[in-house]
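K.L.:
Dumping the structure here so I can ask a few things about it.
The values are calculated or read from the model by the stated rules, or taken from the named source; none is laboratory data. What you are looking at is a predicted structure, and each value in this text was computed from that prediction instead of being measured. Here Cβ is always computed from backbone atoms with ideal geometry, including for glycine, and neighbour counts include all displayed protein chains. Accessible surface is based on the protein model in full, side chains and every heavy atom, while ligands, DNA and RNA are left aside. Shrake-Rupley method; radii C 1.70, N 1.55, O 1.52, S 1.80 Å.
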Amino acid sequence: MPRVKITVPEHLEMQIAQMVEEGEFLNREEAVEELLSTGIKAYKTSGPRDDDDSSGFEDEGMMGHEDEYVF
């Protein structure tokens, strides 16, 4: 399986660590893989909006913080 290196904001890392600690995932690698896969599936299901002139990622899933995305 290909390896990918990413940098995420500290609040996302803390949320991932908490999910692992609570037993939702076995480890961080599994958590990131599952959350990324879920996000991609959700994006494919909803698809880019026709009335959106951007690429779809900048505003997609924003919750009031410029670096916070919901998967």
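K.L.:
Kindly evaluate E24 against the criterion of being at pLDDT 90 or above and acidic (D, E).
P.N.:
Values: at pLDDT 90 or above: yes; acidic (D, E): yes.
Yes: the conditions hold for E24.
Residues are listed down the side, and each one gets a yes or a no for (1) touching a Pro at 6+ places or on another chain (Cβ under 9 Å); (2) at pLDDT 85 or above; (3) surrounded by 11 or more Cβ atoms within 10 Å (Cβ to Cβ):
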{"site": "M19", "(1), (2), (3)": "no, yes, yes"}
{"site": "S37", "(1), (2), (3)": "no, yes, yes"}
{"site": "K44", "(1), (2), (3)": "no, yes, no"}
{"site": "V70", "(1), (2), (3)": "no, no, no"}
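K.L.:
Now for a different question. State which residue is least open to solvent (accessible area, probe 1.4 Å) when the search covers only segment 1-16 and only residues that are over 19 Å from S37 (Cβ atoms) and assigned to a helix (DSSP H, G or I). Quick ask: steps written out before the conclusion?
P.N.:
Quick first cut of segment 1-16, residues over 19 Å from S37 (Cβ atoms) only: 7, 9-11, 14.
Restricting the remaining residues to those that are assigned to a helix (DSSP H, G or I) gives 10-11, 14.
Numbers: E10: 139, H11: 55, M14: 115 Å².
Only one residue fits best here, namely H11.
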